[in-house]
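Everything on this sheet refers to the single structure shown next.
The values are calculated or read from the model by the stated rules, or taken from the named source; none is laboratory data. The model shown is predicted, which means the values in this text are computed figures rather than measured ones. Note: ideal-geometry Cβ built from the backbone for every residue, glycine included; neighbour counts use all protein chains shown. Accessible surface areas use protein heavy atoms only, side chains included; no ligands, DNA or RNA. Shrake-Rupley method; radii C 1.70, N 1.55, O 1.52, S 1.80 Å.
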Amino acid sequence: MLRIATIGTSMITDNLIEALNQSDHAVFVGTLSRDAERAASFTKEHGGSRPFTSLEELAASDEVDAVYIGSPNALHAPQALACIAQGKHVFVEKPFASNRAEAAKVFAAAERAGVVALEAMRPVHDPAFATVRELLSRLGQLRRASIRFGKYSSRYDNILAGERTNIFDCAMASGSLMDIGVYPVEATVALMGEPESICFAPVLLDESTRDITNGAIDGAGTILARYPGRVVEIAFSKITNDDLPVQFESETATMTLDSISVPSHASISYRGKVERGSAKVMRSQEGGRTEEFNLPTCPNTMTYELEDFIAAVEAVRSGCPAGDAPAGEYGTVGTFRGLTLATLSVMDEARRQAGIVFPADEPAAKQEAAREEACAACQESAGDGAGEGR
C-alpha cells in the first residue's frame, strides 16, 4: 500500500484525493499547509490522518512514501527536490516545473535517489488518448492539425478588478501557456514528437496589470509548430472560451475530437473523389464516408494517471530501475521524462519569443529571493494552486 501525502488545496488536489481514496493500492495520509488549522481541516475532510505544517516535516516523515505536488507552478521543482532528498517518490502536477532546466534537475535527482518523478498530465495517461493515437494511424500522411484548449478562468475577474492572483503571476510561473496551454502542447509532442521550430503569437494582458502580474504574462495565444511536411496550430486561452473541436487533417481524411483535455468522441471523415466546383455551386465529393467513435470515459480521469504512478512506484519497489518502470500505455517513467522535457523546451521557446520571464529563468540569487516571495504569497492564497478549472 502506497502512502501518499499532498501539497496544495486547490480543486485539482480535491480531484486527485478523490481518485486516491478509490484506489485499492494507495492511501491518503494528509496534506501540507503552513496554517496548522487549515492543514488539519483539509486532511480530516478528505479522510487523512496526518496533517503537515512544513515541507521539511513532510519530506522527513516515515509515514509517507510519496508526495503529490499541486502547489503553484514556481514551487513544483524546489518542493520536489526537497521530497526526493528524503527518498520520497513525487507526482508533480503539470507543468512539471517552471522551465526545462528545473525539470532536468529534478529528474536527475530522482535518478540518483532511485525514486519515481512523474508529471501528473491527465490526457497522456487516459485510455482515450491511446485510442486517439491508434485512430491517427488510419489517416495516413498528416498535413495539418489544430490542437486547442480554451476555458475562461474566474481568476481573470480578479485581474480585471485590479487584484493579484497566482494564476496570472510571473512570480508563480503561471499564465495561459503554463496553466492550460500545456495540455495541447504536450498532446502535440506526445502524438507527433518535438517540432523542428515554433512561432508564438501571444495575447499579453494589458500593460496596466503588470504591477500585479509581476511582468508581461499571457492570457491566450497560438503556437505554430513546424514539422517536416506538416504544420500544427496549438491554440489556448484562459481569458476566452474556445468552442472549436480539435482537428487532424491528412491528404485522405480528417479526424475531429471533442476535447484534447478529456476526449470522449472522435469522428473520421474519409475523402471521396473530388469533383471540380464553381463559384456558385460547391459540388459534393463522391464516395466519401464518416466513422464515429465513442472513446473510453470515466468520472475522474485523474484515476488513470494516479494508477500509472502507483504502478511505477511498485515496479521500483520490486527492483526495477526508476527510469525503466512501466507507467501506462504510453511508456516508462523514462519515456514520460522525455515527453515532459520536450514539452517544456517548446514552452521555454514560446516564452522567450513573447518576453515572458519567470524567477527560475534568472540567476540563482534572484531565484531564491523570488521563491521566498512566492512562498509568502502562496500562503496568503493557499487554495489558489494548480489545475485548469479555476
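Site pair S264 and D243 shows an inter-label distance of 1.7 nm when each label is modelled 7 Å from Cα along Cα→Cβ. Computed from label points 7 Å out along Cα-Cβ, the spacing between E251 and A60 is 6.5 nm.
May I ask you to list the GluC sites (Glu not before Pro) in the stretch 17-112 that are in a DSSP loop and have at most 15 other Cβ atoms within 10 Å of their Cβ? Please report the intermediate quantities before stating the final value.
Working: sites: E18, E37, E45, E56, E57, E63, E93, E102, E111; in loops: E63.
In loop regions of the stretch 17-112 (DSSP not H, G, I, E or B), the sparsely surrounded GluC sites (Glu not before Pro) are E63.
Would you mind calculating the gained length between N294 and V357 on full extension (0.36 nm times residue separation, minus the Cα-Cα distance), in nm to one decimal?
Details: separation 63, 0.36 × 63 = 22.68 nm, distance 4.12 nm.
Extra length available between N294 and V357 comes to 18.6 nm.
In the chain, carbon and sulfur make up what percent of the accessible area (probe 1.4 Å)? Accessible surface attributable to carbon and sulfur in the chain totals 49 percent.
Kindly report the accessible area of the stretch 2-51 per residue (heavy atoms of protein chains, probe 1.4 Å, no ligands, DNA or RNA), in Å².
Value for the stretch 2-51: 46 Å² per residue.
Nearest 10 degrees, 0 to 90: what angle lies between the long axis of helix 182-192 and the longest principal axis of the chain (Cα atoms)? Once rounded, the angle reads 60 degrees.
How tilted is helix 100-113 with respect to the longest principal axis of the chain? Cα atoms for both, answer in degrees (0 to 90, nearest 10). On a 0 to 90 degree scale, this one is about 60.
For the stretch 106-252, what does the alpha-carbon gyration tensor say about shape, rounded, prolate or oblate, given a ≥ b ≥ c as the root eigenvalues, a/c under 1.5 as rounded, and a/b over b/c as prolate?
Oblate.
Helix 364-380 and the longest principal axis of the C-alpha atoms of the chain enclose an angle of approximately 80°.
Heavy atoms of the protein chains alone define the surface here; on that basis the stretch 67-166 has 32 Å² accessible area per residue at 1.4 Å probe size.
Subtracting the Cα-Cα distance from 0.36 nm times the residue separation, let me have the gained length for K273 to R143 in nm, one decimal.
Answer, rounded to one decimal: 44.9 nm.
Within the chain, DSSP assigns beta bridges of which about 60% are antiparallel (rounded to the nearest 5).
Charge dipole of the chain (Cα centre as origin; +1 on each Lys and Arg Cβ, -1 on each Asp and Glu Cβ, all else neutral): 1200 debye, rounded to the nearest 20.
Quick one: Cα centre-to-centre distance for the stretch 119-162 and the stretch 27-70, in angstrom? After rounding, the separation between the Cα centres reads 31 Å.
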